[in-house]
Amino acid sequence: EKVVIMAGGKGTRLDPFTRILPKPMIPIGDKPILEIIMDKFHQQGFTDFILSLGYKAEIIKMYFSENNNRPYHIDYIMEDKPLGTAGALQLLKDRITDTFIVVNCDVILEPDFSRLLKHHREQNNAITLVGSVKDFTIPYGVLKTNGQEMLELEEKPSFHFLVNTGMYCLEPRVLSHITHGEAIAMTDLLILAKKQGDKVGVFPYHGQWFDVGQWEDYWSTLRYFAAVE
């Protein structure tokens, strides 16, 4: 199966870093996050990658052309203009004929991909989201009131949500929902697919998940990888 990595965004949450480097080239240790993502897939047998590029694409292409001894194949699709987190997938219409995986370039997670694909096919999904449980603690005493009367006080409550990790399993027919040259977010594609009668499912993931899309998460990811190496 092919793995498509969405690597065309500007990474504005990591400004000013990304004024110089594109977000996929952010280093984690001695490799850019984009290469780490591909290495994680390759460890489970994936060898065919397509990178969706846009902002500062030449820097990414130059890096991978100069370091071309990797045991996997890399191809590219190019946005002429920003197409959102899913719009560029339309460029794959004639190039993908089987189930494929899509992942954002700022997340590192390691589900069992064979289980993900098996789940996707057994459920007969058109799209499967990889979902992870996230715990959020409100750092205050939360009040429940009736007008100005206090009814309850709950100290620092915790909430659990199943959230979208930014990794998806898709059937090629989903690409027909994307209009050529029009920007669309992956979240809007999911809603559009459901409206068209496609089945959209969730694959629960319970392992480590790193999202380096903003500074606080980037630095915590660096600390984790430095500790385990």
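Numbers below:
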| item | result |
| --- | --- |
| Cα centroid separation - the range 185-204 against the range 104-125, whole Å | 15 Å |
| Low-density loop cleavage sites - GluC sites (Glu not before Pro) in the range 112-211, where at most 14 other Cβ are within 10 Å (DSSP) | Glu182 |
| FRET efficiency for Met78 and Arg121, using Cβ-Cβ distance with R0 set to 41 Å, rounded to 0.05 | 0.85 |
| Equivalent ellipsoid semi-axes - Cα gyration tensor, the range 154-229, angstrom | 32, 18, 13 |
| Charge tally in the Cβ shell below 11 Å around Lys56, where Lys, Arg are +1 and Asp, Glu are -1, Lys56 excluded | +3 |
| Long pairs among Lys2/Lys118; Lys118/Lys199; Lys134/Lys199; Lys2/Lys23, criterion Cα-Cα beyond 18 Å | Lys134/Lys199; Lys2/Lys23 |
| Aspartates and glutamates with Cα under 19 Å of Lys93, excluding same-chain neighbours fewer than 8 positions away | Glu1, Asp48, Asp75, Glu79, Asp80, Glu171, Glu182, Asp188, Asp198 |
| Sites Thr187 and Glu149 - FRET efficiency at Förster radius 35 Å, r taken between beta-carbons, to 0.05 | 0.30 |
| Inter-label distance, nm, simple model (7 Å from Cα along the C-beta direction), Val202/Arg95 | 3.2 nm |
| The chain: most fluctuating residue of Met150, Met38, Met62 per GNM, C-alpha cutoff 10 Å | Met150 |
| Value of relative contact order over the chain, rounded to a whole percent, pairs C-alpha under 8 Å and six or more apart | 25 percent |
| Degrees between helix 215-228 axis and first principal axis of the chain (Cα, 0 to 90, nearest 10) | 70 degrees |
| Dipole moment magnitude, nearest 20 debye, the range 164-229 about Cα centre, only Lys, Arg, Asp, Glu C-beta charged | 300 debye |
| 0 to 90° range, to nearest 10: angle between helix 57-66 axis and the chain longest Cα axis | 60 degrees |
| Fraction of beta bridges assigned by DSSP in the chain that are antiparallel (%, nearest 5) | 55 percent |
| Residue-span extension gain [Ser65 to Arg19] - 0.36 nm each, minus C-alpha spacing | 14.3 nm |
| Potential lengthening between Lys10 and Asp135 on full extension [0.36 nm per residue; Cα-Cα distance subtracted] | 42.2 nm |
| Between 0 and 90°, nearest 10: helix 33-42 axis offset from the chain longest Cα axis | 80 degrees |
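Every number here is computed from the coordinates shown, using simple stated rules; none is lab data. All of these numbers come straight from a predicted model, not from anything done at the bench. Note: ideal-geometry Cβ built from the backbone for every residue, glycine included; neighbour counts use all protein chains shown.
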